[in-house]
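See structure below.
Derivation of every value follows stated rules applied to the coordinates shown; laboratory data play no part. As the structure is a prediction and not an experimental result, all values here were calculated from the model. Glycine gets a Cβ as well: all are built from the backbone with ideal geometry, and neighbour counts include every protein chain shown.
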Amino acid sequence: MFHFWKRAAGLTAVVAFALVGCSSTAGNGSATAPTASGTGSGASAAATAGSTIVIDNFGYMPQSLTVSPGQKVTVVNKDSTPHTLTASTGKAFDTGTIAAKSSGSFTAPTTPGSYPYICSIHQFMHATLVVK
Ligand SMILES: [Cu+2]
């Protein structure tokens, strides 16, 4: 009888541990605070954007860059992973692979318009080049 009670108590402890594990995971999932850090320097980044696109942490900055027709655009890859900057349609422009911690460039299309682009290696990365 004593042994049975001891086993039951052990099982209860395991279940309680599992529940704690679940609830702490849910707590982490709902905490969205860490994304706030990038927005503070937005004003200064826009002021110096010019015709340079920066790739940092699997994202393009700025998300929309306006350039003149045929303008040269420099692309700086700050990640430790190779990336490309490739027009989504029509092959209007393509930097080819830009090595980690390196930079590349491309020439903007001469036809005004809005050109979405992606990284051909990580196709979830996307932003837009506006020519006008
Ligand atoms: Cu990439």
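Tabulated values for the structure
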| quantity | calculated |
| --- | --- |
| Inter-probe distance in nm under a simple model that places probes 7 Å from Cα toward Cβ, at Ser68 and Thr89 | 2.8 |
| Gained length - Thr81 relative to Phe124, 0.36 nm times residue gap less alpha-carbon distance | 14.0 nm |
| Whole-number Å³ per residue for the convex hull built on Cα positions in the range 49-131 | 71 |
| Potential lengthening between Ser114 and Lys132 on full extension [0.36 nm per residue; Cα-Cα distance subtracted] | 5.6 nm |
